[in-house]
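The values are calculated or read from the model by the stated rules, or taken from the named source; none is laboratory data. All of these numbers come straight from a predicted model, not from anything done at the bench. Because the Cβ atoms are built from the backbone with ideal geometry, glycine has one as well, and the counts that use them run over all protein chains shown.
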Amino acid sequence: MIFSYAPEAGAETLLLRGEEYKYLIKARRHRVGDRLAFRCLKAPQTLYMYTLEEIGPKEATLRLESQEERIVAPHKKLHIGWCLIDPKSIEKVLAQLNESGVTQITFITCKRSQKDFRLDFARMERILEASNQQCGRSVPMVLETQRSIEAFVQRYPHSVLLDFGGGAITSDLEVVVVGCEGGIDPQERALFVSERIVSFDTPLVLRSESASVALSNKLVL
């Protein structure tokens with residue numbers, strides 16, 4: 001773990017209790033004298049360094065040693081317009097996408113998306129918070145929704161579509177639409193001119209989540 005989130009990060013004295021205490025003291029086995037890093041979700045650009053001063057049976061006390069603005073963010077931007085699939089499949093790869101450096105995900109209700117899917121944004125935010133603490137990312141990923149591909153293209157006119165029969169994926173792409181299971185409806189594909197359709201150089205059919213991960217690895221890492 002690179003750092004931990006704490007609402008009180010920045011205070012001269014920081015108390016660890018509950019799950020935070022169990023994880024850092026019992027599981028990670030930190031001892032008196034260890035230096036630990038913290039960030040506050042409300043101002044994640046600042047990194048606070050604390051020294052562990054005292055460990056009790058149910059809480060631990062830390063003293064603030066230093067603080068500095070330390071922004072850790074991907075070098076490149078990638079915004080995925082992701083046609084809605086089963087939220088369980090999204091959650092399985094969300095941490096991977098976050099760690100690889102995806103800047104933003106917009107979940108789009110496409111013609112072939114199952115309409116009964118419901119996204120749990122609170123759960124996804126918890127997944128991203130845990131991922132940030134593990135990979136060190138300070139700039140959070142942005143999550144949003146759009147009612148259709150047409151609405152998405154109107155808002156992001158420079159977006160391209162990942163689909164079969166397209167051109168090569170170039171390093172300058174920043175906004176890419178990934179289809180759901182069953183692919184893109186022809187009416188939706190028609191929203192993109194041929195020059196704005198790209199594909200992987202493979203004859204294999206990728207699942208939607210596999211395509212999203214492969215795209216992030218190719219364009220960001």
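Descriptive notes on the structure:
- Meets criteria (over 16 Å from the mean Cα position of the chain (by Cα), under 22 Å from VAL176 (Cβ atoms) and either surrounded by 15 or more Cβ atoms within 10 Å (Cβ to Cβ) or assigned by TED's automatic domain parsing to the domain that holds HIS158 (or both)) for ASP116: no
- Residue in region 19-36 that is at pLDDT below 95, in contact with a Phe, Trp or Tyr (Cβ under 7 Å, 6 or more places away or on another chain) and not hydroxyl-bearing (Ser, Thr, Tyr) present: no
- Single residue of region 171-197 satisfying the filter (of a type in the set (A, V, I, L, M, F, W, C) and free of Cβ contacts under 8 Å to residues at least 24 places away in the same chain) that is nearest to SER159 (Cα to Cα): VAL193
- Pick from region 1-45, criterion in a loop (DSSP other than H, G, I, E, B) and in contact with a helix residue (DSSP H, G or I) (Cβ under 8 Å, 6 or more places away or on another chain), ranking: surrounded by the most Cβ atoms within 10 Å (Cβ to Cβ): PHE3
- Members of region 167-188 found to be closer than 15 Å to SER113 by Cβ and out of contact with any Lys or Arg (no Cβ under 8 Å at 6 or more places or on another chain), listed by number: VAL177, VAL178
- Qualifying residue in region 100-112 (condition: touching a Ser or Thr at 6+ places or on another chain (Cβ under 7 Å), part of a helix (DSSP H, G or I), surrounded by 14 or more Cβ atoms within 10 Å (Cβ to Cβ) and not charged (D, E, K, R)): yes
- Checking each residue in region 100-113 for being within 15 Å of GLY179 (Cα to Cα) and in contact (Cβ under 8 Å) with a residue 40 or more places away in the chain picks out THR106, ILE108, CYS110, LYS111, ARG112, SER113.
For (1) of a type in the set (D, E, K, R); (2) surrounded by fewer than 20 Cβ atoms within 10 Å (Cβ to Cβ); (3) without any contact (Cβ under 8 Å) to a residue 24 or more places away in the chain, each residue gets a yes or a no:
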position	(1), (2), (3)
GLU54	yes, yes, yes
LYS58	yes, yes, no
THR61	no, yes, no
ILE71	no, yes, no
TRP82	no, no, no
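- Taking region 78-99 as the range and being touching a strand residue (DSSP E or B) at 6+ places or on another chain (Cβ under 8 Å) and either more than 21 Å from CYS180 (Cα to Cα) or in a loop (DSSP other than H, G, I, E, B) (or both) as the test, the residues that pass are LEU78, LEU84.
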